[in-house]
Every structure is written in structure tokens, then in C-alpha cells.
1. Suppose we keep only residues that are touching a residue at least 24 places away in the same chain (Cβ under 8 Å) and acidic (Asp, Glu) within segment 44-84. Which one would you say is farthest from Ala8 (Cα to Cα)?
2. Here is a list of conditions, (1) surrounded by 11 or more Cβ atoms within 10 Å (Cβ to Cβ); (2) among the hydrophobic types (A, V, I, L, M, F, W, C); (3) not in a strand (DSSP E or B), and Leu49 meets all of them except one; can you say which number that is?
3. Out of (1) over 23 Å from Phe78 (Cα atoms); (2) in contact (Cβ under 8 Å) with a residue 12 or more places away in the chain, what's the single condition that is false for Met33?
4. Given the structure, is Gly60 exposed (fewer than 12 other Cβ atoms within 10 Å of the Cβ) and at positive phi?
5. Hey, could you check segment 52-82 for residues that are polar (S, T, N, Q) and assigned to a strand (DSSP E or B) and say which is farthest from Pro21 (Cα to Cα)?
6. Anything in segment 33-84 that is among the β-branched types (Val, Ile, Thr) and touching a helix residue (DSSP H, G or I) at 6+ places or on another chain (Cβ under 7 Å)? List them, or say none.
Amino acid sequence: MKTMSKKAVVYVRLKDGVLDPQGVTIQRAILNMGYDMIDSVRSGRFFELELSSGNGDLTGKVDEICQKLLANPVIENFTVEYKE
């Protein structure tokens, strides 16, 4: 019997109200290219985690990893999507 692996896709972005200098720089570049329909840009990052189907609460463990390593909870929020 083949075990199905899961993938967790983690999206991390700055909280609202936190200055995003990378987003501002990207927005300026877009405007300089002549695209004037962009009102703002917020940058972020994502991680793809391949999960083995082990015992335990995978969701809780992934959240723990995000809080301890992948995101700075003081200035960033994260969301996780799970895919088969």
C-alpha cells in the first residue's frame, strides 16, 4: 500500500501597518515601466513543505514550525494551505 504524501504551502507576509520597503520599491519600478494602474504592492514569501504521513497532528506541527522559524509573529502573518 502506497502512502500519500501531503504538501503544506506556507504564505508569509508583513502585517498591515508594517512598512514594506521592498513592496514600495517594486511599486515604483512598476510605475516607472508605465503601468499606472497599481495602487500598492505588498511583498511576501512562500514555502513548500513536503510532509510524510506520520502519526500525530501535522497541522499543529506545521503551525509550530511557522511560528518558530518561518515567520516573525511580531511583524508577520502566515497562512497554510494543505494539498494532497
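1. Out of the qualifying residues, it is Glu76.
2. Of everything listed in (1) surrounded by 11 or more Cβ atoms within 10 Å (Cβ to Cβ); (2) among the hydrophobic types (A, V, I, L, M, F, W, C); (3) not in a strand (DSSP E or B), Leu49 misses just condition (3).
3. (2)
4. Numbers: exposed (fewer than 12 other Cβ atoms within 10 Å of the Cβ): yes; at positive phi: no.
Answer is no for this residue.
5. Going residue by residue through segment 52-82, those that are polar (S, T, N, Q) are 52-53, 55, 59, 67, 72, 77, 79.
Filter once more, so that each one left must be assigned to a strand (DSSP E or B): 77, 79.
Numbers: Asn77: 17, Thr79: 22 Å.
Out of the qualifying residues, it is Thr79.
6. Within segment 33-84, Ile38, Val41, Val80 qualify.
None of the figures in this text is laboratory data; all of them are computed from the coordinates on show. These figures come from a predicted structure and were not determined experimentally. Ideal geometry is used to build each Cβ from the backbone, glycine not excepted, and the neighbour counts take in all protein chains shown.
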